[in-house]
Amino acid sequence: MPLDDDAVSNSDWRGRLSTMDIPLAVSTDNVTLDCLETLIYEGRLTFEQGVKLMINPSLNSVTSLADMVKKARFHDYVFFNDNLHVNSTNVCVLACRFCAFRKGPRHPDAYSLDVDQYLERVRPYSSRIDEVHTVGGLHPTWTVAEYCELFSNLKDEFPHIHIKALTAVEIKHLSIRSSLSFSETLSRLSEAGLNSLPGGGAEILVDSVRDRICMGKESSDEYLDIHGVAHSLGIPTNCTMLFGTVESVEDRINHLLRLREQQDATSGFQCFVPYPFLPDKTRLPEAQLATGQEIIRMISVSRLMLDNIPHIKAYRMNIGDKLASYAINCGADDVDGTVGHEEIMHEAGSKTSLTTSSEQLARMVISSGATPVKRNSSYSQFEIISLPEENSSQVLPVITVEVP
Ligand code: SF4
C-alpha cells in the first residue's frame, strides 16, 4: 500500500500544523502555545524556548506539541527497517568513561573479525535484512584497508545490503592511521561499499563535557566536520546525543542547535537518535542518569528543536520497547529495526529483545495507535505493514458494570 505523498516528502508540515486541532494541554500552556506559534509563523525555536521546554512542569504539554509536529510531518506513520548490527572489533585505544563495550587488546573477551567471520555473522540473516550496521572500537593497527576489505566482500556476496558503518571518531582514527584526509578516507570507504554513516559518538557537542566523559575522542567541531564532509560526498548520516551523564540542560539544547546549524549547511542528516546513558559496568559514578520521563521529554524537545532533521528515532535497543512505543506518541517517528544482534547497549545493561521480528515490531507500533511502515535505509522506499485483525493489538477485556 503506498504512503501519502506529502508524508513521504515531508513537505509543508508547517502549513498542516496550522490547520490541526490544538490539544488542550498545548493551548493552556504558555510555553508550548508560544512554541507552536513560532513553528507555524516564524520558523524555528530559540535556545531560550528550548530551555523552557526542558524545564516546563507540564510534560504532557511538551509531548502533545511534539506529537502534533510529528503528525504534521508523517501523519500516524512510524518507520522501522530490517537490519542487523555486526560489530567489527571491540578493541579500542581509547577508554571513554561511559563505555562498557571496549576491551584492551589482551583482554580475554577482545575480538577483531576477519572477513570470513564478518560474513559469517551476516549470512544467517541475509535473506531478511537490507541493512548491516557496523561500528567498533578504534583498533590499534587497522587502517582504512581493513574496512574496505570487509565492506567490498560484504557487497560482493550481498549486493542488496546497505552498509551503514563507522562513527565519526572511527573515520578520524582511520584517517590518521592511513595518512589520509577525512574526504579521502570516506571516498575510499564509499568506493568499497559504505553507503551511510551512523551518528554514534556525538555524545554532547560541548567540549567541556566531552573532556569529562570521553577525553581523547574527536572534538565537537571534528564530529560535525566529518559529517559535513560525508554529506558533501553524497553519503547520508545520522546524528545522536548521549544524555544523562554530566551535562546541563543548556548543554543539551546547545547540542541540538549545533546539529541544526550543521544541517542548515550540509543537509545530510537523515535521523536524530537521542539516547540516555546506561550505567551498568561503566565508570561514570557521577552521572545523573535519566528517568523515563526525561527520556520521553528529550525525544519530544528534539522533535521541536530540530525542524530541519526529518526523522527522530526512539532507539529501542537503548530505551527498551515499552518506552519506545510510548515515544511514538511523543514526537518519535522511527523505532530503528529488528537489529538481530547488538553488543554496545547490551554490554551496558540493555535488556531489549534481540529476536524481535518485523511482525512483532509492526504489532508494537499498531498497539501504540500508529501505522507501521517498513522503510529502506535511505527513507526512499516504504511499505505499509498490515496485520490480521486478531493479531493487531493486545487489549484487556472490558467488563461493563451496571450502576444501579
Ligand atoms: S565509545 Fe568508542 S571510542 Fe570510546 S572507548 Fe568505547 S569503543 Fe572506544
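Derivation of every value follows stated rules applied to the coordinates shown; laboratory data play no part. In this text the structure is predicted, and so the values were computed from the model without any measurement. No Cβ is skipped: glycine too gets one built from the backbone with ideal geometry, and neighbour counts run over all protein chains shown.
Before moving on, here are some points about what is shown:
- Residue within segment 187-208 that is closer than 20 Å to Thr141 by Cα, crowded, with 23+ Cβ neighbours inside 10 Å and free of Cβ contacts under 8 Å to residues at least 60 places away in the same chain present: yes
- Ala145 meets the conditions (1) out of contact with any strand residue (DSSP E or B) (no Cβ under 6 Å at 6 or more places or on another chain); (2) small (Gly, Ala, Ser); (3) assigned to a loop (DSSP other than H, G, I, E, B) in every case but one. The failed one is (3).
Here's the yes/no breakdown for (1) buried (at least 19 other Cβ atoms within 10 Å of the Cβ); (2) touching a residue at least 40 places away in the same chain (Cβ under 8 Å); (3) not in a helix (DSSP H, G or I):
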{"position": "Ile296", "(1), (2), (3)": "yes, yes, no"}
{"position": "Cys330", "(1), (2), (3)": "yes, yes, yes"}
{"position": "Thr355", "(1), (2), (3)": "no, no, yes"}
{"position": "Ser380", "(1), (2), (3)": "no, no, yes"}
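- Restricting attention to segment 261-294, the residues that are without any contact (Cβ under 8 Å) to a residue 12 or more places away in the chain and either on the phi > 0 side of the Ramachandran plot or of a type in the set (Lys, Arg) (or both) total 0.
- Within segment 165-217, restricting attention to residues that are among the hydroxyl-bearing types (Ser, Thr, Tyr) and either within 13 Å of the ligand (Cβ to nearest atom) or outside any helix (DSSP H, G or I) (or both), the residue that is farthest from Glu250 (Cα to Cα) is Ser179.
- Residue ID - nearest to the ligand (Cβ to nearest atom), chosen from residues in segment 80-89 that are surrounded by 22 or more Cβ atoms within 10 Å (Cβ to Cβ) and assigned to a loop (DSSP other than H, G, I, E, B): Ser88
- Some residue of segment 243-261 being over 24 Å from Gly292 (Cα atoms) and more than 16 Å from the chain's Cα centre (by Cα): yes
Residues are listed down the side, and each one gets a yes or a no for (1) away from the ligand (no atom under 16 Å from the Cβ); (2) assigned to a helix (DSSP H, G or I):
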| site | (1), (2) |
| --- | --- |
| Val51 | yes, yes |
| Met54 | yes, yes |
| Pro57 | yes, no |
| Val62 | yes, yes |
| Leu65 | yes, yes |
| Val69 | yes, yes |
| Ala72 | yes, yes |
| Ala95 | no, no |
| Phe98 | no, no |
